[in-house]
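For reference, the structure discussed in these notes is given below.
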Amino acid sequence: MRAYDGSAVLEAIRAINSAATPEATLTALSAFIEGYGFERIYLGQLVNPANVPLKDILYLSDWPEELKEQRRLQMAALHDPVALCALRSKCPFTWADARASATRAGKRTVDLVRDYGISDGMMFPMHALHSVPGGVSLGGSRKADLTPTQVKELEIVCQTAYYHLEAMLGPFPYQQLAQLTRRERECVQFAAAGKSNWEIAAILGIAEDTVKKTLHRAGGKLEAVNRAHIVANAIARHQIFP
């Protein structure tokens, strides 16, 4: 593994920003991460594959085609601990850290990747205002021993590649997140706390029917089908406190 070299970071950023195609962008990113012990890239937005077709999201990967197909058929993103942690985290983390607290299904998802020689990796979450969360996941055949400075180098270059690709391939139809009004957020927040419509109405000093209509409007914005779905989507989209 090479030592810290700020000029290499600048060169990688220039190469990525001048890339005219997604393939050229991945090539530039791949050349940079090799110096840190990584060999594979999985880059994309973190969305529910049951709701959004693959063609409608930012998604690029140089993983083996068979592995990508297996993950797609299993809807791996729904229980992949790396993806789930990236939704909540703003800081880079290792796959091992994510796997440690994963469900049994989540651990199987991580282990599936290992079957293809990708035994360890890091995830760099991507969170931007008015944009669907995403991430750049780097994998390799061995454990990468990185210093804090090297992690920051990787994070900067991964961010450059991600947002360059988002600008190149977007805008995506759902990229602008629906914003709840203050009243909608209040009602959904109390619903998340287990309050009934009657209780929410009493707390806010409004009619119970108003609470019902307000939650219905919030559900439409959040593309939710029931009360639990409204709360889950509001949390996932950072509209209310978890």
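The values are calculated or read from the model by the stated rules, or taken from the named source; none is laboratory data. All of these numbers come straight from a predicted model, not from anything done at the bench. A quick note on method: Cβ atoms are made from the backbone with ideal geometry, for glycine too, and the neighbour counts reach across all protein chains shown. In case anyone asks, the SASA skips ligands and DNA or RNA and just uses the protein heavy atoms, side chains included. Shrake-Rupley method; radii C 1.70, N 1.55, O 1.52, S 1.80 Å.
Put simply, the range 50-190 fits an ellipsoid with semi-axes of 26, 19, 17 Å; these come from the alpha carbon gyration tensor as the roots of five times its eigenvalues, largest first. Using R0 = 51 Å, the C-beta based FRET efficiency linking ALA128 and ILE206 works out to 0.90.
When ligands, DNA and RNA are left out and all protein chains stay put, how many square angstrom of accessible area per residue does the chain have with a 1.4 Å probe? Provide the component values of the computation, followed by the final result.
Working: 12600 Å² over 242 residues.
Solvent-accessible surface per residue comes out at 52 Å².
Using a probe radius of 1.4 angstrom, the carbon and sulfur fraction of the accessible surface of the chain is 56%.
When HIS229, HIS216 are compared by accessible surface with a 1.4 Å probe, the order from highest to lowest is HIS216, HIS229.
In the chain the Cα-Cα distances spread across 5 Å bins starting at 0 as 1, 6, 13, 16, 17, 14, 11, 8, 6, 4, 3, 1, 0 percent of all pairs. Shown for the chain are the DSSP H helices of 24 Å or more along their axis, judged by Cα atoms, with a mean Kyte-Doolittle hydropathy of at least -0.5: 148-169.
Given a 1.4 Å probe and the protein chains as shown, CYS91 ends up with an accessible area of around 80 Å². Taking every DSSP helix (H) stretch of at least 4 residues in the chain, weighting each as -39,500 (n - 2.57) and dividing the sum by the residue count yields a mean residue ellipticity at 222 nm of -15500 deg cm²/dmol.
In debye, nearest 20: dipole of the chain around its Cα centre with unit charges on the Cβ of K, R (+) and D, E (-)?
On the way: 27 positive and 25 negative charges, 180 e Å.
The calculated dipole for the chain is roughly 860 debye.
The calculated pair-distance distribution of the range 138-213 uses every alpha carbon pair, bins of 5 angstrom beginning at 0, and gives 3, 12, 14, 10, 7, 7, 9, 11, 11, 9, 6, 2, 0 percent.
Please go through the range 1-55 and write out the chymotrypsin sites (Phe, Trp or Tyr not before Pro) that DSSP classes as loop and that have at most 12 other C-beta atoms within 10 Å. Sparse-neighbourhood loop chymotrypsin sites (Phe, Trp or Tyr not before Pro): TYR4. Note on exposure: LEU73, LEU84 ranked by accessible area (1.4 Å probe, complete protein assembly) read LEU73, LEU84, with the most exposed listed first.
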